[in-house]
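These notes are about the structure you will find just below.
The values are calculated or read from the model by the stated rules, or taken from the named source; none is laboratory data. Predicted model, so just to flag it, every value in this text is computed and none were measured. Ideal geometry is used to build each Cβ from the backbone, glycine not excepted, and the neighbour counts take in all protein chains shown. The accessibility values were calculated without ligands, DNA or RNA, using every heavy atom of the protein model including side chains. Shrake-Rupley method; radii C 1.70, N 1.55, O 1.52, S 1.80 Å.
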Number of protein chains: 2
Amino acid sequence: MGQAKNAFYAQSGGVTAVINASACGVLQTARAHPKKIANVYAGSNGIIGALTEDLIDTSQESDEAIAALRNTPSGAFGSCRYKLKGLEENRAEYERLIEVFKAHNIGYFFYNGGGDSADTCHKVSQISQALDYPIQAIHIPKTVDNDLPVTDNCPGFGSVAKYIAVSTREASFDVRSMAKTSTKVFVIEVMGRHAGWIAAAGGLAADEDNDIPIVILFPEVEFDQARFLAKVKKHVENSGFCSVVVSEGAHWPDGKFLAEQGTRDAFGHAQLGGAAPVVANMVKEAFGYKFHWAVADYLQRSARHVASKTDVEQAYAVGKAGVEFALAGENAIMPTIVRSSNKPYKWEVGKVSLADVANVEKFMPRDYISEDGFAITDACREYLLPLIAGEDYPPYKNGLPDYVVLKNIAVSKKLDKSFEL
Amino acid sequence: MGQAKNAFYAQSGGVTAVINASACGVLQTARAHPKKIANVYAGSNGIIGALTEDLIDTSQESDEAIAALRNTPSGAFGSCRYKLKGLEENRAEYERLIEVFKAHNIGYFFYNGGGDSADTCHKVSQISQALDYPIQAIHIPKTVDNDLPVTDNCPGFGSVAKYIAVSTREASFDVRSMAKTSTKVFVIEVMGRHAGWIAAAGGLAADEDNDIPIVILFPEVEFDQARFLAKVKKHVENSGFCSVVVSEGAHWPDGKFLAEQGTRDAFGHAQLGGAAPVVANMVKEAFGYKFHWAVADYLQRSARHVASKTDVEQAYAVGKAGVEFALAGENAIMPTIVRSSNKPYKWEVGKVSLADVANVEKFMPRDYISEDGFAITDACREYLLPLIAGEDYPPYKNGLPDYVVLKNIAVSKKLDKSFEL
């Protein structure tokens, strides 16, 4: 193996339509440098795979299978929701990681996730120094919530934004057709518990060619029922119909989510609903308008069939850049998307120290939300449009997207000890 | 105008991703025969437009705009939910229709809808004879529910089926990625109050390349909670996760829909929910599995962005054939899709007398549903696959589908009397 080290790659947190495109960027770039990176071991189900020494041997996958990752949504190696504690609280976990990395001659740590995993990645780089086992830890950004700091945007977001913009436009065409005698209000619930980026994308459904009345309920704006109802009524009276985009994070002034209506089933059990039916019923009760509502949930973040070309390219680019930065000797950084021009849209990959990323959340700027709190501004539109630009269709087979399923062959374990999570 | 008569065209009931493709077929074919069809007047908001003499002058639309209808979902002229009563109960409505048709020299009646509108169309042809004002009444089939008799399938269904199959596959990839530490069960609710055709399409998400455990809850099968829960548990234990496709029409043995759980909000108001959260909460309560759920609602029937090519072609073909049948002297018929071969898939347009269509609903054959009631059979798969075959992407502009919005210019009214609906 000479000087070549192995690399570890893992997917973390909620998956996206393009996180596998980042994996593709990592794996193809690593394969192009066999003298420096011998093999890439993927964590089975994210970082848990490193802790339990459940590693996947990516060299067993064909070049075709790796290339197909670019077109495949979700996490091909499995992801997990598992936040490592602080170094002081649970040093054992970090020591175990280093132990596993040592056993498998791993010199590169590529962690593909959001804010929490940037923090973990940062700590791994710190402990590797402390334990004198050098690991280059690079964080590959991924999150549909678009809430990582410094980077102009996060891979994963552009495709959700496109899905929500497209779906809101299509459903708005539908309700407009039906409004004369039937449905007048359509409500779509979207993800984004803290930041309203995804909700904002619903606003793109309307433009100069498409006069669609849309009311957006952002998590950044406290819900005001009277003003909301008045807005919907005005739209229905003027246009005959209205579409409402409600963020799952929309909440009352006291912080309680709209979705938590204290709803109970016939047996008195608390019932988990969604914000969409709550809002729709509110409109019905106030004005009697017939309504329909949808909850997009996982459909929005897995919709590779309508992914943004920009997003796919950027997801691939940050994976590729992560490996290239590592090969250039970088450590404890995250590749970023840097927007250099809006018209025409130009971007390049930059980098930021993980110390400046970890545990910082990016919200919508106030000037991206209209004064009345129910719409997006032109500045927001200008920011969002390039991110949903372009189509990048997956191949189809028998009328369905032909997504790859990897073999995911395990690497033989080398450690005696198992590890209790 | 010579011998040329005008034609009337209207869209009825719930709209689809391809009903405008049928409109395109009607309008382009009519435009190709100016000596026989002078102009096509569209009903503004369906048949209501004929009753209130709100007609749209389609000759004001450019050839480009008419061509773009093929790529545009929903009803470009507006639709309505308005069922004409029987001839005996409300003869006045039918007489009014004839009066409006007479005033505008209309000799062809093209009605684009489902079972109810086939019935209306049939009655229009009867009364036109009785009142001695000859109208050729042709019904153009359209329904996402796929429940019209005689025709092999209904335009509109194939695209919903494709959307649900694609979405179920994508979301299943997502939940599989998350299952180790997070979501284990994903539930998607689909349309189809009486017939399980759309739910069946969810079963296509799994195939020989995609080992996805799917449980389908059909309206044709009485819900058995214990057997359902056991099935989900088995899948989660064997595969780590499970996807559930629940029809909005899924119901208990006593006929009560799953969605009607007697849910009440904090104020004691009955709350309209969906079947998906009910089913998801049921699983959670039994086994503690973390779940996610989606309700596709209008998104599924307006999703022109992922329409089936077969469906678009068939929707156009029945519109075109409707006009050609009329020009050949036919009356009181509906063009049908006739399947002549499965492998390779071959189809042609046939016809059926409206007397044989009106008020007959087509359900899933029992041999399309597996013995245990939770899956589709190979026979069902063989029937469904050709209907979702092929992609037919709309043009995009600024990252969004570039759907046409017609000018919809009104025809001057000729009658003194208005009409009370």
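Just a yes or no: is a residue in region A:338-355 surrounded by 19 or more Cβ atoms within 10 Å (Cβ to Cβ), in contact with an Asp or Glu (Cβ under 6 Å, 6 or more places away or on another chain) and either in contact (Cβ under 8 Å) with a residue 12 or more places away in the chain or among the acidic types (Asp, Glu) (or both)?
no
Before we move on, is residue B:421 within 12 Å of chain A (Cβ to nearest Cβ), assigned to a helix (DSSP H, G or I), in contact (Cβ under 8 Å) with a residue 24 or more places away in the chain and among the hydrophobic types (A, V, I, L, M, F, W, C)?
So residue B:421 does not fit the description; no.
Can you name the residue in region A:208-223 that is touching a residue at least 40 places away in the same chain (Cβ under 8 Å) and either touching a Leu at 6+ places or on another chain (Cβ under 7 Å) or not polar (S, T, N, Q) (or both) and is also nearest to the other protein chains (Cβ to nearest Cβ) among such residues?
A:212
Anything in region A:99-120 that is part of a helix (DSSP H, G or I) and closer than 19 Å to residue A:37 by Cβ? List them, or say none.
Scanning region A:99-120 gives A:100, A:101, A:102, A:103.
Do you know which residues across region B:79-91 are open to solvent by 40 Å² or more (accessible area, probe 1.4 Å) and in a loop (DSSP other than H, G, I, E, B)?
If we filter region B:79-91 for residues that are open to solvent by 40 Å² or more (accessible area, probe 1.4 Å), which is where we start, we get B:81-83, B:85, B:88-89, B:91.
Across region B:79-91, the qualifying residues are B:81, B:82, B:83, B:85, B:88, B:89.
Could you list all residues from region B:369-380 that are among the hydrophobic types (A, V, I, L, M, F, W, C) and either farther than 26 Å from residue B:18 by Cβ or crowded, with 19+ Cβ neighbours inside 10 Å (or both)?
Across region B:369-380, the qualifying residues are B:369, B:374, B:375, B:376, B:380.
Anything in region B:67-94 that is closer than 23 Å to residue B:413 by Cα, in contact with a helix residue (DSSP H, G or I) (Cβ under 7 Å, 6 or more places away or on another chain), modelled with pLDDT under 95 and not hydrophobic (A, V, I, L, M, F, W, C)? List them, or say none.
Correct list: B:82, B:93, B:94.
Do you know which of the residues in region A:183-202 that are modelled with pLDDT of 95 or more and open to solvent by 10 Å² or more (accessible area, probe 1.4 Å) is farthest from the other protein chains (Cβ to nearest Cβ)?
A:184
Residues in region B:5-20: is at least one part of a helix (DSSP H, G or I), more than 14 Å from residue B:106 (Cα to Cα) and not aliphatic (A, V, I, L, M)? Talk me through it step by step, then tell me what you get.
Applying the first criterion (part of a helix (DSSP H, G or I)) to region B:5-20 yields B:19-20.
Filter once more, keeping what is more than 14 Å from residue B:106 (Cα to Cα): B:19-20.
Applying the additional criterion that residues be not aliphatic (A, V, I, L, M) yields B:20.
Yes, because at least one residue in region B:5-20 is part of a helix (DSSP H, G or I), more than 14 Å from residue B:106 (Cα to Cα) and not aliphatic (A, V, I, L, M).
Can you tell which of B:71, B:45 is open to solvent by 10 Å² or more (accessible area, probe 1.4 Å) and on the phi > 0 side of the Ramachandran plot?
Values: B:71 fails: on the phi > 0 side of the Ramachandran plot.
Selected residue: B:45, the only one of B:71, B:45 that is open to solvent by 10 Å² or more (accessible area, probe 1.4 Å) and on the phi > 0 side of the Ramachandran plot.
Failed condition for residue B:364, given (1) over 19 Å from the mean Cα position of the chain (by Cα); (2) open to solvent by less than 70 Å² (accessible area, probe 1.4 Å), with all others met?
(1)
Of the residues B:165, B:65, B:118, which single one is surrounded by 24 or more Cβ atoms within 10 Å (Cβ to Cβ) and over 22 Å from residue B:345 (Cβ atoms)?
B:118
So is residue B:94 among the aromatic types (Phe, Trp, Tyr) and outside any helix (DSSP H, G or I) or not? Talk me through it step by step, then tell me what you get.
Details: among the aromatic types (Phe, Trp, Tyr): yes; outside any helix (DSSP H, G or I): no.
Considered against the rule, which asks whether it is among the aromatic types (Phe, Trp, Tyr) and outside any helix (DSSP H, G or I), residue B:94 comes out as no.
In region B:235-253, is there at least one residue being modelled with pLDDT under 95, in a loop (DSSP other than H, G, I, E, B), within 9 Å of chain A (Cβ to nearest Cβ) and open to solvent by less than 40 Å² (accessible area, probe 1.4 Å)?
no
What number of residues within region A:11-42 are β-branched (Val, Ile, Thr) and either within 14 Å of chain B (Cβ to nearest Cβ) or surrounded by fewer than 20 Cβ atoms within 10 Å (Cβ to Cβ) (or both)? Walk me through how you get there before you give the answer.
Keep residues of region A:11-42 that are β-branched (Val, Ile, Thr), which gives A:15-16, A:18-19, A:26, A:29, A:37, A:40.
Next cut, either within 14 Å of chain B (Cβ to nearest Cβ) or surrounded by fewer than 20 Cβ atoms within 10 Å (Cβ to Cβ) (or both) only: A:15-16, A:18-19.
Of the residues in region A:11-42, 4 are β-branched (Val, Ile, Thr) and either within 14 Å of chain B (Cβ to nearest Cβ) or surrounded by fewer than 20 Cβ atoms within 10 Å (Cβ to Cβ) (or both).
Could you check, for region A:158-181, whether at least one of its residues is assigned to a loop (DSSP other than H, G, I, E, B), at negative phi and more than 14 Å from chain B (Cβ to nearest Cβ)?
no
Condition (residue is part of a strand (DSSP E or B), more than 29 Å from residue A:179 (Cβ to Cβ) and among the small types (Gly, Ala, Ser)) applied to region B:21-41: is it met by at least one residue?
Within region B:21-41 (the criterion being part of a strand (DSSP E or B), more than 29 Å from residue A:179 (Cβ to Cβ) and among the small types (Gly, Ala, Ser)), the answer is yes, since at least one residue qualifies.
Residue B:76 - would you say it is in a helix (DSSP H, G or I), surrounded by 15 or more Cβ atoms within 10 Å (Cβ to Cβ) and within 14 Å of chain A (Cβ to nearest Cβ)?
Spelling it out, it is not the case that residue B:76 is in a helix (DSSP H, G or I), surrounded by 15 or more Cβ atoms within 10 Å (Cβ to Cβ) and within 14 Å of chain A (Cβ to nearest Cβ).
Looking only at region A:347-357, decide whether some residue is modelled with pLDDT under 95, more than 14 Å from every other protein chain (Cβ to nearest Cβ) and assigned to a loop (DSSP other than H, G, I, E, B).
Looking for residues that are modelled with pLDDT under 95, more than 14 Å from every other protein chain (Cβ to nearest Cβ) and assigned to a loop (DSSP other than H, G, I, E, B), one finds at least one in region A:347-357, hence yes.
Tell me the residue from A:403, A:383 that is out of contact with any helix residue (DSSP H, G or I) (no Cβ under 6 Å at 6 or more places or on another chain), part of a loop (DSSP other than H, G, I, E, B), of a type in the set (Phe, Trp, Tyr) and open to solvent by less than 40 Å² (accessible area, probe 1.4 Å), please. Don't jump to the end; show me each part of the working.
Working: A:383 fails: part of a loop (DSSP other than H, G, I, E, B).
Checking each option against the conditions leaves just A:403.
Looking at (1) under 30 Å from residue A:329 (Cβ atoms); (2) touching a Lys or Arg at 6+ places or on another chain (Cβ under 6 Å); (3) not polar (S, T, N, Q), find the lone condition where residue A:134 falls short.
(2)
Scan region A:121-151 for residues that are part of a loop (DSSP other than H, G, I, E, B), surrounded by fewer than 22 Cβ atoms within 10 Å (Cβ to Cβ) and not aliphatic (A, V, I, L, M) and report the count.
Number of matching residues: 5.
Identify, please: which residue in region B:45-58 is within 17 Å of residue B:121 (Cα to Cα) and out of contact with any Gly (no Cβ under 6 Å at 6 or more places or on another chain) and is, among those, farthest from the other protein chains (Cβ to nearest Cβ)?
Of everything passing the filter in region B:45-58, B:51 is farthest from the other protein chains (Cβ to nearest Cβ).
Which pairs turn up if I take residues in region B:297-312 that are over 20 Å from residue B:247 (Cβ atoms) and look for partners that are open to solvent by 10 Å² or more (accessible area, probe 1.4 Å) and part of a helix (DSSP H, G or I) with beta carbon separation below 8 Å, at least 6 apart in sequence or on another chain?
Filtered contacts from region B:297-312: B:304/B:71; B:310/B:386; B:312/B:70.
Restricting to region A:59-73, give me the number of residues that are within 22 Å of the chain's Cα centre (by Cα) and either within 14 Å of chain B (Cβ to nearest Cβ) or not in a helix (DSSP H, G or I) (or both).
5
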